[in-house]
Each structure stands twice: as structure tokens, then as C-alpha cells.
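Report on one structure; see the data block that follows.
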Amino acid sequence: MNSEPPPSETKVPHIVIIGGGFAGLDAARALARAPVRVTLVDRHNHHVFQPLLYQVATAGLSPGDIASPIRWILRKQENLHVLLARVERIDPPARQLHLDGGDVLAYDALIVATGVTHSYFGRQDWESRAPGLKTLDDALEIRRRVLLAFELAERETDRARQQDLLTFVIVGGGPTGVELAGALAEIARQALKEEFDNIDPASARILLVEAGPSILTTFPESLRASARRALDRLGVTVIEGQAVTAIEEGAVVFGGQRVAAGTVLWAAGVQASPLGRLLGVEVDRAGRVAVNPDLSVPGHPEIFIAGDLALFTHQTGKPLPGVAQAAKQLGKRAARNALRRLRGEPTETFRYIDPGNLATIGRNSAIADFGWLRLSGYPGWLFWLFLHIFFLIGFRNRVSVMLQWAVSYLTYQRSVRLITGLRGDAAPIERASAPGQRAPS
Ligand SMILES: Cc1cc2nc3c(=O)[nH]c(=O)nc-3n(C[C@H](O)[C@H](O)[C@H](O)COP(=O)(O)OP(=O)(O)OC[C@H]3O[C@@H](n4cnc5c(N)ncnc54)[C@H](O)[C@@H]3O)c2cc1C
């Protein structure tokens, strides 16, 4: 690949951004009018609105509703070039990136915004049995498993095994686990009602297992209690203070008991993109890079870290949360400081403005904590709804999501109940569930 710019551009400084997530996009936009060349490199051609991934995983929305091509999003930015490539290595002394296929890309300043993914705490063998939710492919795989579980239960003649197939365990009681649990409960109790002959989908068991003392630890107790009540109304069993110690084919072990479960989903733990560790600087256990107050990397003033990959303690002394708003603000500041560095100006300390914390539980309930205002139940949900539509990128996405939500709100239907990902004309592969104890009801 020719990474050399045309001769007329060689004197224009080159800022490279790795990652087209929330941080990378906002970094790119912050440089829109700057006299620099910007290259944004991402291994995917699209940006995903991750807060709504659980809607794709639970058949409420299509992938195209929550993702847009990065090229299209940034099409009006004239100083920017988008490259579909995976960065495999950063060479800070040479100021070069090594891309898949052996290509090399030179930079004057670099912003690394490659995010995090789920961590199985060293138990990589759990990944195939309990998929996590980070990409569109993950969401489609979860959708496939969830819908297939009901189909397999319908074909099953043994009652006990039917119940095992209709047992869903979600590991991890953070916002993603809670959102998945709420949406799964609605599929089972509402969307699939009256469609099956041999099973009652409403009899599905949904267990949300959290190792820590409480679900939703980042929220105040009053809102957590409200979330627990909403989950209870949906028929989700919340199990707190019990760590999952094994995930086997068709069963999960926690609290010393082995529970047969046809579907296990993973919503616990994060690990940072490996690029952070590859820089050879200080990282935390999850691999996040400890950055300077101006978001530069210690010892490498021309490299900045933004988004979930940055380990940053904000002015209140708390670590920055791994949320979209923090990623966006970090992206902007990293871009402005990269520009200042290239101009020889002093860089500025990053200051986080905390806009609040939100989580939704099913179609009528959410919790929102803005410090000065706490909302729960229906008002919280209306606020959540408005915010998620507002921040979706692209007019088409907003209209489509609004319409789909309006229809599913009125009809209780989930419009995207497609089982995909089966190879050729293969029938759904029955996943054997090992005999375990029946799930607690
Ligand atoms: C299921 C889920 C639900 C969430 N819900 C919420 C919510 O409700 N509210 C909220 O505020 N936050 C939520 N978050 C968190 C929020 O999405 C993240 O904080 C945010 O996406 C972080 O942005 P980022 O730019 O750092 O990383 P990401 O958005 O993850 O983007 C990283 C980008 O880097 C690219 N990349 C990675 N490695 C390479 C490489 N080697 N080469 C090239 N490209 C690479 C990836 O393809 C990706 O596009 C949720 C996250 C998940 C997974």
C-alpha cells in the first residue's frame, strides 16, 4: 500500500486515529477545520452504536439500524481519509503503524482509540459457550442462540430437558446484563406468546447472576432497588454475590450448584485492546493505558489515548467510567492536544463533565442518575428512549428505530426474529445440555 502522501501534502502534519468508535469519531470531527491531514483506521467499515446492541441481540432492531459506514459518517470532512485495516503494531520510535497485510502507515501524531472487549478472566474456553456482546456479529450470534433455544425446546419431547433448553443464564449484572435480561423476559412472556404448540415460552427461566454484592453497582441503592423490582415484575431471577465458577456445555456452575441452561450469555468483565499493552507502557490489569493528564502516553508525547482504552482518574478522584460520553469527551481532548503538540503549544488537562448514568429494564422502565436528579420507572424510560434516538447517527437510523420501537411498543412484537448463521441447508444443530440441577425458580 502507498502510505506516502502526494508531494504537495508532505509538509502538512499527519494525525492518525486508530478506531472509529465514539472516541475516534469525535477526535476526527474535532480536527475537521485544522490544517492537518487526518487518517482514521478501523478494522470494521462501520461505527456501531453499542448502547443498542442488546436490541439487535434480542430481535428488536436490525444491524443497519444501529450502525453506519464510517466513510459515510465522515464524508463531508475534506482533510480526512478513512482506511479499512487492522493495526497490528505501533512502532513509536519510527512513528509508524504496521497494518494487516504488511502495510506501513507513518504519522506525526497518533490517537489510539481501539476500546475494550469482554474478558473471560483467563477462561477463554468459556467464550464459545457464553458469547459476549461487543460487535454486530456478537449480537447476531446471541439472537441466533436465543431464538434457536425456543425452537429446540418445541421439538423436545422430554419435559425436563425442555425446561433446561428454556433456561437462560446471563452472567454479569451491569447495565448490559440487566438490559439483556429484561429484553429476554419480554420475548419469552410477550413476543412469542401463543406461537408454539408444545411449549409455553412464558415458562422460560431467566437468571441474572452477579458475582458482586449487587447488580448495577454504579447506581445508588434506591435506583438499584427500583431495577430489582422491575426485573422481578418481568420474571427475571436476580442472583447476587455468587460467582460463576464453570461454564460447561449446557450448564453453568455458581454458588456451588450446577444449573442446566440451554443458553448462557456473558456480560461480565472487560479487557482492553491489545494495542495498549503493545506500546510497552504502564497498563492496568485489564490492559488500559495509564495516561498523562493531557491524555498523552508517558514517554511518547506524540501519542494520545482516548475512549475506553484510557485509564484516567477524573477530577473527583474516581476512575473514568467506560461509557460513550466519556469516550467522546476523551476523543475531542486528545485531538485538540495532538494539534497543540504539533504546533508546539502547551497541551491542556482533560476534564470530564459527567452527564449521568442510565440503564433500561424492559419496555417501560429505566433508571437514570444525574446526581441532582434521579429518575426510575416510566419517566426514566422515556428519557432513555429520547436520548438513545437523539444520539443515533444518521437520519435514516433515527426514523427507522423510532418506527420499529413504536410498532413493538404497541404490538409487543419483536420484528427481527430471524435465525441466521446456519451453514448451507444444515438443520439447527442441537446443543446437548449436560444433566445438571434444575434452575432455581
Ligand atoms: C453492549 C454494550 C452496551 C453499552 N451500553 C452503553 C450505554 O448504554 N451507555 C453508554 O454510555 N455506554 C455504553 N456502552 C459503552 C460504550 O459503548 C463505550 O464506552 C464506547 O463504545 C467506547 O468507545 P471507544 O471509541 O473507546 O471504543 P469502541 O466504541 O469500542 O470503538 C473501538 C473501535 O476501534 C476499532 N479497533 C479496535 N482494534 C483495532 C485495531 N487493531 N485496528 C483497527 N481498528 C481497531 C474497532 O473496530 C472499533 O470500531 C456499552 C458498551 C457495550 C459493549
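Things worth noting here:
- Odd one out for residue 341 among (1) among the charged types (D, E, K, R); (2) part of a loop (DSSP other than H, G, I, E, B); (3) crowded, with 20+ Cβ neighbours inside 10 Å: (2)
- Note on region 288-300: residues that are part of a loop (DSSP other than H, G, I, E, B) and open to solvent by less than 10 Å² (accessible area, probe 1.4 Å) total 1.
- Within region 162-181, being of a type in the set (Val, Ile, Thr), in a helix (DSSP H, G or I) and open to solvent by less than 30 Å² (accessible area, probe 1.4 Å) holds for one residue alone: 178.
Yes/no per residue for (1) away from the ligand (no atom under 16 Å from the Cβ); (2) surrounded by fewer than 19 Cβ atoms within 10 Å (Cβ to Cβ); (3) in a strand (DSSP E or B); (4) modelled with pLDDT of 95 or more:
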{"site": "1", "(1), (2), (3), (4)": "no, yes, no, no"}
{"site": "4", "(1), (2), (3), (4)": "yes, yes, no, no"}
{"site": "8", "(1), (2), (3), (4)": "yes, yes, no, no"}
{"site": "17", "(1), (2), (3), (4)": "no, no, yes, yes"}
{"site": "28", "(1), (2), (3), (4)": "no, no, no, yes"}
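- Candidate set: region 43-82, residues that are among the basic types (Lys, Arg) and over 16 Å from residue 22 (Cα atoms); chosen: the one most open to solvent (accessible area, probe 1.4 Å): 76
- Any hit, region 112-134, residues being among the β-branched types (Val, Ile, Thr) and surrounded by fewer than 16 Cβ atoms within 10 Å (Cβ to Cβ): no
- In region 303-316 there is at least one residue matching the filter, namely being more than 22 Å from the chain's Cα centre (by Cα) and either open to solvent by 50 Å² or more (accessible area, probe 1.4 Å) or acidic (Asp, Glu) (or both).
- Filter result for the condition that a residue is within 12 Å of the ligand (Cβ to nearest atom) and either more than 30 Å from residue 149 (Cα to Cα) or of a type in the set (S, T, N, Q) (or both), over 299, 322: 322
- Apart from one condition, residue 281 fits all of (1) in contact with a His (Cβ under 8 Å, 6 or more places away or on another chain); (2) within 16 Å of the ligand (Cβ to nearest atom); the exception is (2).
- Any hit, region 270-287, residues being open to solvent by 10 Å² or more (accessible area, probe 1.4 Å) and closer than 30 Å to residue 150 by Cα: yes
- Among (1) away from the ligand (no atom under 16 Å from the Cβ); (2) surrounded by 19 or more Cβ atoms within 10 Å (Cβ to Cβ); (3) over 17 Å from residue 361 (Cβ atoms), the one test that residue 207 misses: (3)
- Number of the condition not met by residue 185 [criteria: (1) in a helix (DSSP H, G or I); (2) away from the ligand (no atom under 16 Å from the Cβ); (3) in contact with a helix residue (DSSP H, G or I) (Cβ under 7 Å, 6 or more places away or on another chain)]: (3)
- Condition met for residue 138 (at pLDDT 95 or above and not polar (S, T, N, Q)): yes
- Listing of strands (runs of 3 or more DSSP E) fully contained in region 216-257 that carry 3 or more residues being over 13 Å from residue 178 (Cα atoms): 244-248, 251-254
- Residue tally, condition surrounded by 18 or more Cβ atoms within 10 Å (Cβ to Cβ) and either at pLDDT below 95 or within 10 Å of the ligand (Cβ to nearest atom) (or both), over region 86-110: 4
- All positions within region 112-166 that are among the charged types (D, E, K, R) and within 14 Å of the ligand (Cβ to nearest atom): 134, 137, 138, 141, 143
- If you filter region 148-199 down to residues that are out of contact with any Leu (no Cβ under 8 Å at 6 or more places or on another chain) and of a type in the set (S, T, N, Q), you find that the one that is farthest from residue 363 (Cα to Cα) is 157.
- When region 353-368 is filtered for residues that are within 13 Å of the ligand (Cβ to nearest atom) and under 14 Å from residue 225 (Cα atoms), the ones remaining, listed by number, are 359, 360, 361, 366, 367, 368.
- First in region 285-308 and farther than 21 Å from residue 324 by Cα, second anywhere and within 13 Å of the ligand (Cβ to nearest atom) and open to solvent by 20 Å² or more (accessible area, probe 1.4 Å), Cβ under 6 Å, 6 or more apart: none
The values are calculated or read from the model by the stated rules, or taken from the named source; none is laboratory data. Just so it is clear, the model here is predicted, and its values are computed rather than measured. Methodologically, a virtual Cβ is constructed for each residue, glycine included, from the backbone with ideal geometry; neighbour enumeration extends over all protein chains shown. Remember, those area values only see protein heavy atoms, side chains included, never the ligands or the DNA or RNA. Shrake-Rupley method; radii C 1.70, N 1.55, O 1.52, S 1.80 Å.
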